[in-house]
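Enquirer: My questions all concern the structure below.
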Amino acid sequence: MSDTKAADVSAPVAEDEVVLAVRGRVGVISLNRPKALNAINLGMVRQIAAALDLWEHDQKIDAILIKSTSGRAFCAGGDVRAIGILPTAEARVAKGSDFFGEEFTLNRRINRLAKPYISLIGGIAMGGGLGLTVHGSHRIVGDDVRMAMPETVLGYFPDIGATWFLNRCPGALGRYLALVGPQIGAADAVFSGLATHHVPTAAFDEIVQALVSAPALDAAKVDAIVSEYATKPQGGHFAERQGVVDALFGQDDLEKVVEAVGQAGADTPWVEEAAKALGRAAPMSLRATWHRMLEGRGKSVEDVLIDDYRMALRMIARDDFAEGVRAILVDKDQNPKWSPSALSQTSVADVEALLRPLVEDAARGDLVFG
């Protein structure tokens with residue numbers, strides 16, 4: 001099922017990393033790479049895109065649902081390890097060109113999909129995994145969800161259109177999530193707008209059955225079915241922390257933000273954790289992420305994703321990315337050596353260079369959205 005031609009999805013193959021099936025009037029996508037926590041690779045991107053090719057304009061399909069076959073994770077992110085371990089910048093860019101180009105194109109398709117697109121999100125959901133959910137219409141989180149965009153500690157930046165959707169979070173929450181990359185649970189996912197509903201994990205199978213049993217589905221019918229199972233999630237911290245987040249991250253000067261977080265952390269444990277995370281992150285990643293959050297306000301999702309592609313290819317070519325993958329995902333010594341090693345050694349001009357249009361002979365050129 002890895003090519004983009006029409007295929008029989010009524011009898012999925014158990015070994016596929018993405019299992020496709022039609023149930024009732026719902027096209028069901030099941031992520032099935034449990035040993036890798038469903039980290040998404042190019043083959044999986046292509047399988048999901050093939051499903052959209054089959055179902056987007058099929059009048060017998062009213063809605064598309066994506067879920068995981070594993071309770072541990074929805075999707076731990078893009079398979080950046082496979083790119084980061086390559087020994088040269090040229091090799092990383094060659095591999096990343098197709099992956100990011102097709103992944104970001106898929107993100108855009110989900111964002112613009114006319115049919116209801118329902119995500120059942122349990123366990124770990126990070127990075128590229130959010131790209132498969134946040135752009136859709138119905139984003140349902142379970143009790144044990146752990147969401148994050150932790151790219152700055154990998155020498156990278158929050159991609160998959162994060163500048164677009166994080167800028168839609170209340171106040172300065174999106175800036176905090178982008179820069180610090182904390183893991184958040186169901187209540188905070190709903191509060192921030194990354195999720196639209198919370199449904200107890202134990203009811204996931206029931207809600208699937210209700211959806212696939214419906215004689216017809218549109219956005220209003222999906223809303224009604226989901227609302228029958230949705231409950232108010234317990235816990236969460238963002239509602240009570242919003243004022244502090246806004247005060248710390250609401251100003252536009254990155255150096256002042258980092259300084260303010262460091263000073264406030266002496267009295268507030270969660271702010272202290274944020275200060276530690278900023279200290280672990282690659283300085284260039286912080287600068288790039290912050291610049292994107294500021295200059296990306298009000299941009300269309302298409303423009304954000306085009307910028308993501310330009311920056312992605314240039315960021316993975318940098319030594320920081322290979323070093324972050326080594327320290328965090330391969331050797332796991334948690335001790336990356338960043339270059340430059342200090343925020344003062346980075347500049348907005350450095351970031352603007354990462355965003356320049358790609359020349360014709362560099363990788364595959366700009367993304368073009370039809």
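No lab work stands behind these numbers, since they all come straight from the coordinates. Given the structure is predicted, the values throughout are model-derived calculations rather than measurements. Please note: Cβ atoms are built from the backbone with ideal geometry, for glycine as well, and neighbour counts cover all protein chains shown.
Enquirer: Which part of region 171-195 falls in the paramagnetic zone of A210, meaning amide N under 14 Å from the point 7 Å along Cα-to-beta-carbon?
Expert: none
Enquirer: Just the number, please: percent antiparallel of the DSSP beta bridges in region 18-354, rounded to the nearest 5.
Expert: Percent antiparallel among DSSP bridges in region 18-354 is about 25.
Enquirer: Quick one: which residues, 5+ away or cross-chain, put their amide H under 5 Å from the amide H of G78? H built at 1.01 Å from N.
Expert: I40, G128, G129
Enquirer: Another one. Residue by residue through region 74-81, which ³J(HN,Hα) values in whole Hz follow from phi under the Karplus form 6.51 cos²θ - 1.76 cosθ + 1.60 (θ = phi - 60°), with glycine and proline marked x?
Expert: 6, 6, 6, x, x, 7, 5, 4
Enquirer: Taking amide H positions as placed 1.01 Å from N in the peptide plane, with prolines and chain starts having none, which residues 5 or more places from A63, or on another chain, fall under 5 Å of its amide H?
Expert: Placed amide hydrogens put G27 under 5 Å from A63.
Enquirer: On to the next question. Where in region 191-235 does the label zone of T69 land, with the point 7 angstrom along Cα→C-beta and an amide N cut-off under 11 Å?
Expert: Flagged as within label range: none.
Enquirer: While we're on this one: In whole Hz, what ³J(HN,Hα) sequence does region 242-254 give by Karplus (6.51, -1.76, 1.60; θ = phi - 60°), x for Gly and Pro?
Expert: Listing the rounded values in order: 3, x, 5, 4, 5, 5, 7, 10, x, 7, 8, 8, 4 Hz.
Enquirer: Output ³J(HN,Hα) for region 321-336: one whole-Hz value per residue in order, computed from phi by the Karplus curve 6.51 cos²θ - 1.76 cosθ + 1.60 with θ = phi - 60°, and x for Gly and Pro.
Expert: 5, 4, 5, x, 4, 4, 6, 9, 10, 9, 6, 6, 7, 6, 9, x
Enquirer: Now a separate question. Given the options G250, G324, G96, which has the most mean-square fluctuation in a GNM of the chain, springs set between C-alpha atoms less than 10 angstrom apart?
Expert: Comparing G250, G324, G96 in the GNM, the peak value goes to G250.
Enquirer: State the extension gain, in nm to one decimal, for the chain segment bounded by V244 and A353, taking 0.36 nm per residue of separation less the distance between their alpha-carbons.
Expert: Gain on stretching V244 to A353: 35.9 nm.
Enquirer: By average Cβ neighbour count within 10 Å, what is the ranking of 265-275, 112-122 from highest down?
Expert: 112-122, 265-275
Enquirer: Helix 219-229 versus the longest principal axis of the chain: what angle, 0 to 90°, nearest 10, using Cα atoms?
Expert: 80 degrees
Enquirer: Write down the Å³ per residue value for the convex hull defined by the alpha carbon atoms of the chain.
Expert: For the chain, the hull spanned by Cα atoms encloses 134 Å³ per residue.
Enquirer: Give the long-range amide H neighbours of R23: residues separated by 5 or more places, or on another chain, with amide H under 5 Å away, using H modelled in the peptide plane at 1.01 Å from N.
Expert: Amide H neighbours of R23, under 5 Å, 5+ apart: V28.
Enquirer: In whole angstrom, note down how far apart the Cα centers of region 192-270 and region 317-349 are.
Expert: 30 Å
Enquirer: Further, regarding this structure: Contact order normalised by length for region 18-354, with contacts defined as Cα pairs under 8 Å and 6 or more residues apart; what percent is it?
Expert: 19 percent.
Enquirer: Okay, moving on. Which of the residue pairs K60/K232; K35/K95; K35/K60; K95/K276; K35/K299 have a Cα-Cα distance greater than 29 Å in the structure shown?
Expert: Beyond 29 Å between Cα atoms: K60/K232; K35/K60; K95/K276; K35/K299.
Enquirer: Nearest 10 degrees is fine. How inclined is helix 42-55 to the longest principal axis of the chain, computing both from alpha carbons?
Expert: The angle comes out near 40 degrees.
Enquirer: For n ≥ 4 DSSP H runs only, could you compute -39500 (n - 2.57) per run for the chain, divide by its residues and tell me the 222 nm figure to the nearest 500?
Expert: -13500 deg cm²/dmol
Enquirer: Out of the chymotrypsin sites (Phe, Trp or Tyr not before Pro) in region 156-210, which ones are loop residues according to DSSP with at most 14 other C-beta atoms within 10 Å?
Expert: Taking region 156-210 and a limit of 14 other Cβ atoms within 10 Å, no loop chymotrypsin sites (Phe, Trp or Tyr not before Pro) are found.
Enquirer: Turning to a different aspect of this structure: Tell me the label-point distance for the pair D144, E90, using the 7 Å Cα-to-Cβ offset, in nm and rounded to one decimal.
Expert: Those two pseudo-labels are separated by 4.6 nm.
Enquirer: Round to the nearest 10 and give me the degree value, 0 to 90, for the angle of helix 204-213's Cα axis relative to the longest principal axis of the chain.
Expert: The angle comes out at about 50 degrees.
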